[in-house]
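The values are calculated or read from the model by the stated rules, or taken from the named source; none is laboratory data. Keep in mind that this is a model prediction, so the values were computed, not measured. We place every Cβ from the backbone using ideal geometry, glycine too, and count neighbours over all the protein chains shown.
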Amino acid sequence: MSPAPPSTPTSSAASSYGFVLAPLVPAPEYQALVASDFLNPHLLTALTLIAVGRTRKQAAEAMGIKQTTLTSYFATAATTLGCAPRMPLLVHRAYGHPAFPTPARVSAPAPVLVPNEWMVLLAHTGGITLQHLSGSRMLSLDSLTRINRSLMAKLKAETPAHSVRRAWQYALLPGTDSPTASTTRPGAGGQAS
């Protein structure tokens, strides 16, 4: 049997779930994910699917696994990243880890967020649910849900975890605008997804 052609990915990430991620993320980010040895390919794929706006159900279907298996992947990732298994928090912690490929920056100007949208975005990155936030603020859950919808619309995000990815792409979050984050980390460059 002859070796695989040079253009064929040979890492376990590429052979396991490359077909799932390749059309969803820019080529440089995909290559960085394939080359990463920080988390196993299952965890990288699960986190990336959630980050690009897939629901848990959609991610499990794309990976061909049960949702309970996906939940165990998120629990393992949360333990590794030292956080709770809440999707926006996992995405933020993963992108904040120096060994996890960051998403490509977008060239468009960042949207202007109002203070309540910032509050919701930072709650997402801190693993705080809207229900918990409503209990600690003078805003109803309905109001926070409307604010969250507005935030996601401005960021062109499908889910709260996707809004975290988009905030990273716009370099809105603390630490995402450093030269290290945008030029030397794996996954920098390319087009946004």
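Filtering the stretch 90-121 to residues that are touching a Leu at 6+ places or on another chain (Cβ under 8 Å) and in contact (Cβ under 8 Å) with a residue 40 or more places away in the chain leaves L90, V91, H92, A94, H97, F100, P101, A110, P111, L113, L121. In this structure, L130 does not satisfy being among the hydrophobic types (A, V, I, L, M, F, W, C) and in contact (Cβ under 8 Å) with a residue 40 or more places away in the chain. Condition check for T8 on (1) at pLDDT below 70; (2) within 25 Å of T69 (Cβ to Cβ): one failure, at (2). Taking the criterion of being among the small types (G, A, S), farther than 23 Å from H124 by Cβ and within 16 Å of the chain's Cα centre (by Cα), the residues of the stretch 31-85 that qualify are A32, S36. Assessment of the stretch 45-59 against the conditions (exposed (fewer than 14 other Cβ atoms within 10 Å of the Cβ) and without any contact (Cβ under 8 Å) to a residue 24 or more places away in the chain) yields at least one matching residue.
Annotation for the stretch 24-43: no member residue is closer than 25 Å to I128 by Cα, buried (at least 17 other Cβ atoms within 10 Å of the Cβ) and free of Cβ contacts under 8 Å to residues at least 24 places away in the same chain.
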